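Participant: My questions will all concern the structure given below.
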Amino acid sequence: MGDIALNLRATLAVCATLALAACNNAPQSSPLATEGVTDAMLAAGNGDEWLTYGGGYDEQRFSPLTQISAENVGELGLAWSADLDTARGQEATPLMYDGTIYVSTAWSMVKAYDAKTGALKWSYDPEVPRETLVRVCCDAVNRGVALYGDKVYVAALDGRLIAINMADGTEVWAKTIVPDQESYAITGAPRIANGKVLIGSAGAEYRARGSIAAFDAQTGDELWRFHTVPGNPADGFEDDAMEKAAETWAGDWWEFGGGGTVWDSITFDPGTNLVYFGTGNAEPWNPNTNDRGLGDALYTSSIVAVDADTGEYAWHFQETPEDRWDFDSNAQITIGDVEIEGAQRRVVMHAPKNGFFYVLDARTGEFLSGEAFVPVNWASGLDPETGRPNILPEARYEQTGEVFLGTPGLYGGHTWHPMSFSPQSGLMYIPINNTAMPYLADEEFTGTEMGGQMGLDFASVAMPANKEARAAARKATTGALLAWDPVTQKEAWRVPYPGPSNGGTLSTAGNLVFQGTAGGEFRAYSADTGKQLWSFPAQTGIIAAPMSYSIDGEQYVAILAGWGGLWDMHTGILANVSGPSRNISRLLVFKLGADGTLPEPPPINERILDPPAFKGTAEQVALGGKLYAPNCSGCHGDAAISGAINPDLRHSGAISSEEAIRAIVIDGALEHNGMVSFKRNVDAADAEAIRQYLIKRANEDKALEMAAG
């Protein structure tokens, strides 16, 4: 009876949405799908199948399946696995429809597997140019595909939206949907709403102007677009929302694009016919670089709601006004019905990077409650009536001229790694990060033609070659799985981890929470107590989130494994705080009673520092450090110390040769591997300064290692 009622509600919701669109004379897409994956199926949510990125329109990531439970999860074993051909970070959630798993991998490739046996049905490669990596902050990742009708949709890293034939993997259409391919990229998963494909883009560090757009699922034609920050006033404003937003900016904000990109969170609610999405940081981070002052800089670092049929503004709630800390609001947005003050409310639940957990009214955006779920030192709290943060003066580093050691820092208390909500327990299961970041304004920053435009002096706050400082930083950098009660705004339980960047979560009606860890385990916990009940050695760090499905009466749990992403690429000495890591990219699928095994992993080779002797000057090292930070650290790590994915330049043989470095940095000798020429930002003398900086850092770290024995 419950399933019948659920399907009836879903059908009524779709009908109501169509009626509303007709009344509004809204722009219409092609007829809604009546075969394959339909709107009614998407609205009904998951069960035996997993049809959308978040498991359903509400993005709760809750499976109603109960065959695998807290009582028998110890019998879970590997049913099958599939090695992937992309050794980068794997962030996608697999989808399952009609016995087939569809999954995107790094470099925006898509694969289809028999969900029961693991047999590969087809593979699609959009052939993203490897040099695209230079305009992506956080690895060549992709978070998933969308299914609608007889098509699979993937948004490629280089800015294309692509429709693929579900049956055989052939391309149906592909359209470039970003303004230019110099400043924008796409890493997020598309969503479906009333026959429209919804997607935004990344690039809030790369002179980008954020937006979200809807495209006809059959033709790829753009139906509407909502910009998240205003453009140049001289060009006029697209709508009233942009004109009002312009009042919250100062200076020539549009020269850097403004930021506010919609790089991940998109949620459609048929009940309200609203699309909720999160927006990224203002660009540049340092407000002094474009004289934007202390205005709110709308609609950056906000949740915005628009009409699903027209893209018309409905409401917004800004979580981080005047964002200068990279506190994107792009973490997953979850919709649910919860009891607040004795009454059921349809609410938006959100745990963004800034460290506060928010509950908002889904229809109006009214602030209902908010509390810190990780340590926060940039604000003293939230106004109990408005939810506006009380920003501390010392956090405005561009005004003080001093270093601000901010918590949670740019990685955020919670970032894109998906959380899950269990209607059964009433708890949200959040992969949290306890991290910090030193912020210092670069008073000389003027901007560069390519690369990140943050306006910070990264070189002055890079991790020093100091044993005590590094030990203290590692000790203070941890993670956890947090069970949070969104009604009481209190912690129910937590499981501590040695480091951050652990995988997303799945909660189930079997009283389980599944999560992968940065240390290379796939685990199951009791949803009500947090007791660990099962684990599987995945041989690689896991950052993606699991899902569950059922075929022929058997429940499966699937997850993509593969270490990478922002934490590995940016954080230098802290990248391996969870332990030594490697990238082994695989799809892992489990069921009760299975006894599959993985091949022995390759050893983690210990890298020995053997740099050439330093013969440069102090002036070269100072210049090289200043140039390394904005041009190189995004891929090769803080203070020239990389993680597990990209080359550690302290170990590179190229640093022994001025000519070799020039060939790579200026001439683009390794462009085919993604290392493009930076000749627009640096000249030959700059390249030599970077080389001397690398040699100096390598020798300092070698001396530190030798002193430690």
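Participant: Tell me yes or no: at least one residue of segment 566-580 is open to solvent by 20 Å² or more (accessible area, probe 1.4 Å), of a type in the set (D, E, K, R) and in contact with a Ser or Thr (Cβ under 9 Å, 6 or more places away or on another chain).
Facilitator: Checked against the condition, which is being open to solvent by 20 Å² or more (accessible area, probe 1.4 Å), of a type in the set (D, E, K, R) and in contact with a Ser or Thr (Cβ under 9 Å, 6 or more places away or on another chain), segment 566-580 yields no hits at all.
Participant: Could you grab me the full set of residues in segment 327-375 that are of a type in the set (Val, Ile, Thr) and touching an Asp or Glu at 6+ places or on another chain (Cβ under 8 Å)?
Facilitator: Within segment 327-375, 333, 334, 335, 347, 348 qualify.
Participant: Next question, about the same structure. Considering segment 61-91 alone, what residues qualify as being under 22 Å from residue 38 (Cα atoms) and crowded, with 24+ Cβ neighbours inside 10 Å?
Facilitator: 61, 62, 63 - these are the residues of segment 61-91 that are under 22 Å from residue 38 (Cα atoms) and crowded, with 24+ Cβ neighbours inside 10 Å.
Participant: Among (1) part of a loop (DSSP other than H, G, I, E, B); (2) under 21 Å from the mean Cα position of the chain (by Cα), where does residue 293 come up short?
Facilitator: Looking at each condition in turn, residue 293 falls short on (2).
Participant: A further question on this structure: For the subset of segment 388-418 comprising residues that are among the charged types (D, E, K, R) and touching a residue at least 24 places away in the same chain (Cβ under 8 Å), which member is surrounded by the most Cβ atoms within 10 Å (Cβ to Cβ)?
Facilitator: 398
Participant: Looking only at segment 652-681, count every residue that is open to solvent by less than 60 Å² (accessible area, probe 1.4 Å) and under 30 Å from the mean Cα position of the chain (by Cα) and tell me the total.
Facilitator: Going through segment 652-681 one residue at a time, the tally reaches 10.
Participant: Which ones in segment 35-51 are within 10 Å of residue 148 (Cα to Cα) and part of a loop (DSSP other than H, G, I, E, B)?
Facilitator: Within segment 35-51, 35, 36, 38, 51 qualify.
Participant: Looking only at residues in segment 343-352 that are in contact with a strand residue (DSSP E or B) (Cβ under 9 Å, 6 or more places away or on another chain) and open to solvent by 10 Å² or more (accessible area, probe 1.4 Å), which one is nearest to residue 504 (Cα to Cα)?
Facilitator: Per the criteria, the residue is 346.
Participant: Let me ask something else. Could you list, in sequence order, all residues of segment 639-693 that are closer than 22 Å to residue 460 by Cβ, of a type in the set (Gly, Ala, Ser) and in a helix (DSSP H, G or I)?
Facilitator: 639, 640, 685, 687, 689 - these are the residues of segment 639-693 that are closer than 22 Å to residue 460 by Cβ, of a type in the set (Gly, Ala, Ser) and in a helix (DSSP H, G or I).
Participant: Quick check on this structure: which one of 578, 585 is under 21 Å from the mean Cα position of the chain (by Cα) and modelled with pLDDT of 90 or more?
Facilitator: Sole residue among the options that is under 21 Å from the mean Cα position of the chain (by Cα) and modelled with pLDDT of 90 or more: 585.
Participant: Among the numbered criteria (1) at pLDDT 95 or above; (2) open to solvent by 10 Å² or more (accessible area, probe 1.4 Å), which one does residue 340 miss?
Facilitator: (1)
Participant: Take residue 397 and decide whether it is within 25 Å of residue 276 (Cα to Cα) and either touching a His at 6+ places or on another chain (Cβ under 8 Å) or hydroxyl-bearing (Ser, Thr, Tyr) (or both).
Facilitator: Criteria not met by residue 397.
Participant: Would you point out which residue out of 623, 609, 627 is within 29 Å of the chain's Cα centre (by Cα), closer than 29 Å to residue 661 by Cβ and of a type outside the set (Asp, Glu)?
Facilitator: When all the criteria are applied, what remains is 627.
Participant: Of all strands (runs of 3 or more DSSP E) completely enclosed by segment 342-434, which ones contain at least 2 residues that are closer than 13 Å to residue 331 by Cα?
Facilitator: Those strands (runs of 3 or more DSSP E) span 343-350, 356-361, 427-434.
Participant: Please specify each residue of segment 270-289 satisfying the condition of being crowded, with 24+ Cβ neighbours inside 10 Å, of a type outside the set (Ser, Thr, Tyr) and part of a strand (DSSP E or B).
Facilitator: 275, 277, 278, 282 - these are the residues of segment 270-289 that are crowded, with 24+ Cβ neighbours inside 10 Å, of a type outside the set (Ser, Thr, Tyr) and part of a strand (DSSP E or B).
Participant: What number of residues within segment 52-66 are in a loop (DSSP other than H, G, I, E, B) and touching a strand residue (DSSP E or B) at 6+ places or on another chain (Cβ under 6 Å)?
Facilitator: Adding up the residues that qualify gives 6.
Participant: Taking segment 362-387 as the search range and keeping residues that are charged (D, E, K, R) and crowded, with 17+ Cβ neighbours inside 10 Å, which one is farthest from residue 427 (Cα to Cα)?
Facilitator: Here the residue is 363.
Participant: I need the full set of residues from segment 228-253 which are in contact (Cβ under 8 Å) with a residue 24 or more places away in the chain and not in a loop (DSSP other than H, G, I, E, B), in order please.
Facilitator: Within segment 228-253, 240, 241, 244, 245, 253 meet the criteria.
Participant: Further question on the same structure: Are there any pairs with C-beta distances below 6 angstrom linking a residue in segment 442-453 that is at negative phi to a residue that is small (Gly, Ala, Ser) and open to solvent by 20 Å² or more (accessible area, probe 1.4 Å), with the two at least 6 apart or on different chains, and if so which?
Facilitator: 453/447
A quick yes/no check of all residues on (1) modelled with pLDDT under 95; (2) surrounded by fewer than 21 Cβ atoms within 10 Å (Cβ to Cβ):
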{"residue": "28", "(1), (2)": "yes, yes"}
{"residue": "33", "(1), (2)": "yes, no"}
{"residue": "43", "(1), (2)": "yes, no"}
{"residue": "46", "(1), (2)": "yes, no"}
{"residue": "54", "(1), (2)": "no, no"}
{"residue": "57", "(1), (2)": "no, no"}
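Participant: Answer yes or no: is there a residue in segment 245-262 that is out of contact with any helix residue (DSSP H, G or I) (no Cβ under 9 Å at 6 or more places or on another chain), β-branched (Val, Ile, Thr) and open to solvent by less than 10 Å² (accessible area, probe 1.4 Å).
Facilitator: Yes, some residue in segment 245-262 is out of contact with any helix residue (DSSP H, G or I) (no Cβ under 9 Å at 6 or more places or on another chain), β-branched (Val, Ile, Thr) and open to solvent by less than 10 Å² (accessible area, probe 1.4 Å).
Participant: Hey, another quick one. When you scan segment 136-171, how many residues do you find that are over 24 Å from the mean Cα position of the chain (by Cα), without any contact (Cβ under 8 Å) to a residue 40 or more places away in the chain and within 20 Å of residue 29 (Cα to Cα)?
Facilitator: Total meeting the criteria: 1.
Participant: Sticking with this one: Answer yes or no as to whether residue 629 is part of a helix (DSSP H, G or I), open to solvent by less than 20 Å² (accessible area, probe 1.4 Å) and over 14 Å from residue 518 (Cα atoms).
Facilitator: yes
Participant: Any residue in segment 596-606 that is under 28 Å from the mean Cα position of the chain (by Cα), among the β-branched types (Val, Ile, Thr) and assigned to a helix (DSSP H, G or I)?
Facilitator: The answer is no; no qualifying residue exists.
Participant: Moving to a separate point now. Among strands (runs of 3 or more DSSP E) lying entirely in segment 436-543, which contain 1 or more residues that are surrounded by fewer than 21 Cβ atoms within 10 Å (Cβ to Cβ) and among the β-branched types (Val, Ile, Thr)?
Facilitator: Those strands (runs of 3 or more DSSP E) span 478-485, 490-497.
Participant: I'd like to verify a number: residues in segment 208-224 that are closer than 17 Å to residue 148 by Cβ and of a type in the set (A, V, I, L, M, F, W, C), how many?
Facilitator: 5
Participant: Right, here's the next one. Check whether at least one residue in segment 306-315 is within 23 Å of residue 185 (Cβ to Cβ) and without any contact (Cβ under 8 Å) to a residue 60 or more places away in the chain, and report yes or no.
Facilitator: No, the conditions are met nowhere in segment 306-315.
Participant: Criterion first (modelled with pLDDT of 90 or more and farther than 27 Å from residue 105 by Cβ) does residue 614 satisfy it?
Facilitator: yes
Participant: So for segment 16-24 (the condition being modelled with pLDDT under 50, open to solvent by less than 20 Å² (accessible area, probe 1.4 Å), β-branched (Val, Ile, Thr) and farther than 19 Å from residue 101 by Cα), does at least one residue qualify?
Facilitator: yes
The values are calculated or read from the model by the stated rules, or taken from the named source; none is laboratory data. Quantities reported herein were computed from a predicted structural model and do not represent experimental measurements. Note that we place each Cβ from the backbone using ideal geometry, even for glycine, and neighbour counts take in every protein chain shown. In case anyone asks, the SASA skips ligands and DNA or RNA and just uses the protein heavy atoms, side chains included. Shrake-Rupley method; radii C 1.70, N 1.55, O 1.52, S 1.80 Å.
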